[in-house]
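Right, one structure below, let's go through it.
The values are calculated or read from the model by the stated rules, or taken from the named source; none is laboratory data. Remember, it's a predicted structure, so these values are computed and weren't measured experimentally. Because the Cβ atoms are built from the backbone with ideal geometry, glycine has one as well, and the counts that use them run over all protein chains shown. Heavy atoms of the whole protein, side chains included, go into the accessibility calculation; ligands, DNA and RNA do not. Shrake-Rupley method; radii C 1.70, N 1.55, O 1.52, S 1.80 Å.
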Amino acid sequence: GWFSAPVRIVQVPSGATLAAHVPPSDVLISTHFMNTHELLAVPAPVKLYLARGDQYVFSDPDIGTSEPSRALRELSRRSYQVPGVRFVPNSHHLARTVEAKMGRRADGILPVCVDGAIFRPLERAVEGSMARLLIVGPDTNGTEIEPHGFKGMEDIRSALSILAERYRNFTPVRIANTRAEIFDRFPCEYYFAPSEAMKTFLFGTA
């Protein structure tokens, strides 16, 4: 509900497969390893896995070794081997890592497209004003199924605490799509899902 999209949105009921609700299509695009295997169940002439990042590819030590984590790691591995699905990552780094670890070469790379109307430099603050340090990302460590700890928000908070002991001339600024948890009770400007105009200001003045 936070932006206008002229598209038809199908809300899949909890517990149901995505594939069962996909209409006849010319192109199917999966954007997460947990959904890529479902492309097999839907007939379409073109199928893509648009990979936007995958914590299991990078073997982050903060990801647990529980049974659910092992199952997700295996699902991640298999998502790059689905027959008939083109692998299109959003960065050369992800492409190189997948090729080195999974043996799958990217069929193409679609870089992250930045909207220059939203993300653009603004006039800098006056000389001697407080530096604004912008930290963007969820403010929770997530769940075992969808972990966020590897993103390093706890590390950033600890680093800022150390920095504040020596330097006072900065203001931490948080943008998150979750309510404050890691940065709760931490002195900072906190913006929960800000508007596009506010994002322009926060990024442009950081």
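Amide H neighbours of Arg132 under 5 Å, at least 5 residues apart or on other chains, H built in the peptide plane: list them. Residues meeting the criterion, in which the H sits 1.01 Å from N, are Thr171.
Out of Pro147, Phe58, Ile109, whose Cα points farthest toward the positive end of the dipole of the chain (charges: +1 Lys, Arg; -1 Asp, Glu; placed on Cβ)? Sorting the options by dipole projection puts first Ile109.
Applied to the range 38-43, the Karplus parametrisation 6.51 cos²θ - 1.76 cosθ + 1.60 on θ = phi - 60° returns per-residue 3J(HN,Hα) values of 6, 4, 4, 8, 10, x Hz, with x for Gly and Pro. Accessible surface comparison of Lys151, Lys199, probe 1.4 Å, protein chains only, largest first: the order is Lys151, Lys199.
Projecting the Cα positions of Phe192, Leu163, Gly137 onto the charge dipole of the range 121-206 (unit charges on Cβ atoms of Lys, Arg, Asp and Glu, taken about the Cα centre) puts Leu163 furthest along the positive direction. Less than 5 angstrom separates the built amide H of Lys47 from those of Leu28, Arg86, all sequence-distant by 5 or more or on a different chain.
Counting only DSSP beta bridges whose two residues both lie in the range 1-156, roughly 10 percent are antiparallel. Assuming charge only on the beta carbon of Lys and Arg (+1) and of Asp and Glu (-1), the dipole of the chain about its Cα centre is about 380 debye to the nearest 20. Classified by the C-alpha gyration tensor, the range 127-206 has an oblate form. Its axis ratio a/c, with a ≥ b ≥ c, is 1.5 or above, and a/b does not exceed b/c. Between Ser129 and Arg179, the modelled labels are 3.2 nm apart [label points 7 Å from Cα along Cα→Cβ]. Annotation: for a label point projected 7 angstrom from Cα along Cα→Cβ of Ala5, no residues of the range 66-83 have a backbone N closer than 14 Å.
Just the protein heavy atoms count here, and of the accessible area of the chain at 1.4 Å, carbon and sulfur take up 57 percent.
Between the range 30-101 and the range 170-190, what's the alpha-carbon centroid distance in Å? What the calculation gives is 31 Å, centre to centre. Given the Cα-Cα distance of Val46 and Glu189 and 0.36 nm per residue of separation, how much length would full extension add, in nm? Taking 0.36 nm per residue and subtracting the Cα distance, the gain is 47.0 nm.
When Arg77, Arg105 are compared by accessible surface with a 1.4 Å probe, the order from highest to lowest is Arg105, Arg77. Put simply, the amide H of Val57, placed in the peptide plane, has no neighbours under 5 Å, leaving out anything fewer than 5 places away on its chain.
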